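The structure appears right after this line, and notes come after that.
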Amino acid sequence: AGMPAAEIRRRFLRFFERHGHTIVPSSSLIPKDDPTLLFTNAGMVQFKDVFTGKEKVPYKRATTAQKCMRAGGKHNDLENVGKTARHHTFFEMLGNFSFGDYFKRDAIHFAWTFLTEELGLPKERLWATIYREDDEAFQLWQEVTGIPASRIVRLGEKDNFWAMGDTGPCGPCSEIVYDRGEEFRCEAETCAIGACDCDRWLEIWNLVFMQFNRDETGRMEPLPRPSIDTGMGLERIASVMQGVASNFDTDLFRPLIRAVEELTGRRYEEGEPGFPFRVIADHARACTFLIAEGVLPSNEGRGHVLRRILRRAVRFGRILGIQEPFLYRLVDTVGEVMGGAYPEVRQRADYVARVIRGEEERFFRTLDQGMAILAEVIERARARGDGVIRGEEAFVLYDTYGFPLDLTVDAAEEAGLRVDREGFEQAMAVQRQRARAAREVAEGWDPGSPLALALADEPATVFTGYERLEDEGTV
Ligand code: ATP
Ligand code: MG
Ligand code: MG
Ligand code: MG
């Protein structure tokens with residue numbers, strides 16, 4: 001019941017088009033010309049150079065529904081997935097953008113009008129957050145929307161100040177929060193915006209006011225033509241519009257959850273027992289979209305993030321009792337739900353399914369043995385009594401059985417244990433060094449020769465996954 005997600009997406013784009021915005025297609029999940037950024041993680045990514053003035057476009061206002069990925073890199077929601085009702089690895093961000101055209105007043109007005117008139121949300125459920133020092137926004141919210149001062153919350157830099165990088169455009173944000181109601185109150189002593197992190201206070205829309213330019217010395221100068229960048233999570237607003245308690249109960253996820261029910265013969269439940277279902281549904285979408293865009297499972301960079309997500313889904317499938325490759329069978333369902341807006345997932349469904357199946361089969365070869373070793377390792381950590389899985393143990397699971405670190409971390413957490421991540425990194429570094437030395441010996445290299453030096457500049461192809469990932473930042 002309620003408004004379908006596809007209808008919300010359509011209305012959003014049309015609404016902003018009516019207000020002078022050009023509808024621009026979603027860009028790829030893989031940022032163009034930006035090796036520093038693992039994945040597109042917000043609507044503004046494709047407009048980065050437009051905001052700085054480096055790139056010219058024939059419009060001053062744009063609107064998009066953007067494919068986003070927040071796994072690996074600085075914005076990493078992988079471990080939130082299925083635990084909160086509102087985080088995914090792959091999700092869609094609806095956005096409107098002003099390139100030196102309208103600013104705060106209109107941005108607030110548009111967002112408010114869309115939510116309360118176009119979607120008809122009750123005003124008294126909506127709260128606004130502002131950046132601590134942004135008195136202008138404090139005034140505007142009251143003037144433009146009539147929100148009382150008591151429902152405007154001042155937050156600090158972490159939540160409500162945005163910057164493209166250490167230097168460059170930056171500015172305060174304002175967010176719109178939907179109050180799901182008293183019955184969603186959490187256990188925290190103060191369940192309030194900014195104080196707890198529960199699902200009662202649902203952040204739906206972030207309005208970024210690009211107002212300053214920061215230079216090397218950290219000084220901020222007002223931009224001559226300030227800009228607007230906003231982002232609203234489609235899955236979240238869909239949960240509100242469909243009157244359900246979780247993104248996973250919306251029409252974007254129900255068909256996937258149902259498909260997992262059919263594969264396992266088990267029933268989905270909310271809360272803890274439904275956790276593996278939610279993870280699998282989320283990861284099926286992420287894997288499908290990444291592979292449709294040409295990413296392949298590998299040991300480094302983007303391919304490694306894909307491998308981690310895919311193998312994590314497989315392990316949760318195993319937890320639900322599935323004994324054979326299954327994830328590839330969800331690709332068609334992803335296509336049914338998402339193919340209208342993103343035809344590529346339908347067009348490339350066969351290819352995507354083949355890639356997923358191949359990787360599942362590869363992982364299944366070592367999965368049983370790996371699970372047995374994992375159980376032993378957990379036993380040993382318990383016996384030691386320090387509650388810690390050693391770095392070398394996690395590394396053996398990674399190196400010999402293809403268990404990405406977060407998979408071992410998941411299992412450890414389920415058993416009430418911790419993993420020594422630093423020790424894992426060390427074991428990885430030792431291994432990498434050994435591999436390098438072996439390669440040099442095998443190829444009879446003088447490591448100081450011009451050829452060896454030239455080759456050393458090339459990205460290594462072995463065991464660089466985690467190191468590369470931790471290094472890679474985002475906007
Ligand atoms: P949160 O605090 O809930 O993690 P955020 O502040 O990190 O969200 P923003 O960077 O402000 O999110 O992104 C803009 C909007 O995109 C959010 O207001 C939310 O609606 C949506 N969003 C962000 N992260 C996710 C995610 N992992 N899954 C689904 N939607 C998301
Ligand atoms: Mg976040
Ligand atoms: Mg937030
Ligand atoms: Mg935010």
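Read-outs: derived from the displayed coordinates by stated rules, not from any lab. Here the structure is a predicted model, which is why all the values come from computation and not from measurement. All Cβ positions, glycine included, derive from the backbone under ideal geometry; neighbour counts span all protein chains shown.
Can you list which of the GluC sites (Glu not before Pro) found in region 42-94 are DSSP loop residues with at most 14 other C-beta atoms within 10 Å? Working shown, then result.
Working: sites: Glu55, Glu79, Glu92; in loops: Glu55.
Hits after loop and neighbour filter: Glu55.
Output the peptides 389-397, 365-373 sorted from most to least packed, where packing is the average of other Cβ atoms within 10 Å over each peptide's residues. Before the final figure, lay out each step's value.
Values: 389-397: 21.4, 365-373: 15.3.
Ranking the peptides 389-397, 365-373 by packing returns 389-397, 365-373.
Per-residue HN-Hα couplings for region 44-59, Karplus 6.51 cos²θ - 1.76 cosθ + 1.60 at θ = phi - 60°, whole Hz, x for Gly and Pro?
The phi angles translate into 6, 3, 5, 10, 3, 6, 6, 4, 7, x, 5, 10, 9, 10, x, 8 Hz.
Please enumerate, by chain and number, the lysines with C-alpha under 16 Å from the C-alpha of Lys54, excluding those fewer than 8 residues away in the same chain.
Within the straight-line limit of under 16 Å, Lys54 reaches these lysines: Lys32.
I need the calculated FRET efficiency for the pair Ala375 and Asp101, taking r as the beta carbon distance and R₀ as 56 Å, to the nearest 0.05. Each step should come with its number before you reach the end.
Details: r = 59 Å, r/R0 = 1.06.
Efficiency for this residue pair is about 0.40.
Go ahead and run the numbers for FRET between Thr190 and Glu118, Cβ-Cβ distance against an R0 of 41 Å, rounding to 0.05.
Working: r = 33 Å, r/R0 = 0.81.
The pair Thr190/Glu118 has a calculated efficiency of 0.75.
How high is the relative contact order of region 275-412? Use alpha-carbon pairs under 8 Å, at least six apart in sequence, and give a whole percent.
Values: 140 pairs, mean separation 32.6, N = 138.
It rounds to 24 percent for region 275-412.
When the label point is put 7 Å from the Cα of Gln426 along its Cα-to-beta-carbon vector, which residues of region 348-386 have a backbone N closer than 18 Å?
381, 386
List Trp141, Trp127 from most exposed to least, where exposure is judged by having the fewest other Cβ atoms within 10 Å.
Details: Trp141 25, Trp127 21.
Listed from fewest to most nearby Cβ atoms, that is Trp127, Trp141.
Sort Phe161, Phe363 so the one with the fewest other Cβ atoms within 10 Å of its own Cβ comes first. Before the final figure, lay out each step's value.
Numbers: Phe161 18, Phe363 24.
Listed from fewest to most nearby Cβ atoms, that is Phe161, Phe363.
In debye, nearest 20: dipole of region 5-241 around its Cα centre with unit charges on the Cβ of K, R (+) and D, E (-)? Don't jump to the answer; show the numbers that get you there.
On the way: 31 positive and 36 negative charges, 141 e Å.
For this selection, approximately 680 debye.
Which percent, nearest 5, of DSSP beta bridges in the chain are antiparallel? Intermediate values should be presented prior to the final figure.
On the way: 40 of 48 bridges.
So the antiparallel bridges amount to about 85 percent of the total.
Going by how many other beta carbons lie within 10 Å of each one, how would you line up Leu296, Leu306, fewest first? Could the numbers behind the result be given before it?
Numbers: Leu296 13, Leu306 26.
The fewest-first ordering by Cβ neighbours comes to Leu296, Leu306.
Show me, for region 147-159, the HN-Hα J-couplings you get by feeding each phi into the Karplus relation (A = 6.51, B = -1.76, C = 1.60, θ = phi - 60°), rounded to Hz, glycine and proline as x.
Per-residue couplings from phi come out as 4, x, 3, 5, 10, 10, 10, 8, 10, x, 4, 4, 7 Hz.
Can you compute the modelled spin-label distance between Glu143 and Asp399, with each label point 7 Å from Cα toward Cβ, in nm?
Label-label distance for Glu143 and Asp399, simple model: 6.4 nm.
Through the Karplus equation 6.51 cos²θ - 1.76 cosθ + 1.60, θ set to phi - 60°, convert the phi angles of region 208-225 into ³J(HN,Hα) values in whole Hz; use x for Gly and Pro.
9, 9, 7, 10, 10, 10, 9, 9, 4, 7, x, 6, 10, 9, x, 6, x, 10
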